[in-house]
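A quick write-up on the structure given underneath.
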Amino acid sequence: MEHMSRGPIESHKRMKAGKVSPVVHAAMIAYGFVFLHPFEYGNGRIYRFLIHNILSLRETVPPGLMFPVSAVMLKNSADYDASLEAFSRPLLQLIDYRLDEMGQMTVENDTAHWYRYIDMTAQAEALYEFVIKTIEEELVEELSFPANYDTTRKAIQDIIDMPDRLIDIFIHLCL
């Protein structure tokens, strides 16, 4: 696995130094990682971390802002799955593998060349869509929450004179 990780690390360095779009950069590294699938568990979480990390590292996201692209990806799981399957489904037709009684896959033929020069157009396009949805939907919802909260608090206060602390507890219970 060590020899397979050198390519993504070198690619990351080159994209970071070059003029590659931060979203394309994040897609290449994160999807490349998840396609290599180096760990039994946690690959998806690390994949999403890599996206957040690269977008932050490349200063695509303002410092201190939590850009909830992961939440959008999880809410749109069918689109996320389709972006993964755009690579994995055709690959399954080209490899010889067997599953043991525990469902563990063993690949019988050499597949390294299929991972060397992956066309990740579909994955980059998917990540761009997730970023757009994050900006147009998720951030709008998150930014409107404080204003709605204040409006709700005032409406309750207009109905019944209650300390702010109790209103906050009531709103949180309702949520």
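Each value in this text was obtained by applying a stated rule to the coordinates, not by laboratory testing. Note that the structure is a prediction, hence the values are computed from the model and not measured. We place every Cβ from the backbone using ideal geometry, glycine too, and count neighbours over all the protein chains shown.
Say a paramagnetic label sat at a point 7 Å from the Cα of Leu94, along Cα to Cβ; which residues of the range 28-43 have their backbone N under 16 Å from it? Answer for this model: 32, 35-36. Spin-label model, Leu36/Asp81: points 7 Å from Cα along the beta carbon direction are separated by 2.7 nm.
Just in the range 1-95: which chymotrypsin sites (Phe, Trp or Tyr not before Pro) are loop by DSSP and have at most 15 other Cβ atoms within 10 Å?
Qualifying residues, ordered by number: Phe39, Tyr41.
When +1 charges are put on Lys and Arg Cβ atoms and -1 charges on Asp and Glu Cβ atoms, the dipole computed for the chain relative to its Cα centre reaches about 680 debye.
Summing +1 for each Lys or Arg and -1 for each Asp or Glu among the other residues whose beta-carbon sits under 15 angstrom from that of Leu84 gives -3. If you take the charge dipole of the range 2-142 about its Cα centre, with +1 on Lys and Arg Cβ and -1 on Asp and Glu Cβ, which of Asn53, Ser70, Leu92 is farthest toward its positive end? Towards the positive end, the residue furthest out is Asn53.
Per residue of the chain, the DSSP helices (runs of n ≥ 4 H) give a summed -39500 (n - 2.57) that works out to -21500 deg cm²/dmol at 222 nm.
Within the range 8-103, the GluC sites (Glu not before Pro) that combine a DSSP coil assignment with at most 15 other C-beta atoms in a 10 angstrom radius are Glu40, Glu59, Glu101. The distance from the alpha carbon centre of the range 35-68 to that of the range 113-132 is 15 Å, rounded to a whole number. Expressed as a fraction of 2.2 N^0.38 Å, the value expected for a compact globular protein of N residues, the C-alpha radius of gyration of the chain is 1.39. Mean sequence separation of contacting Cα pairs (under 8 Å, at least six apart), scaled by the length of the chain, corresponds to a relative contact order of 21 percent.
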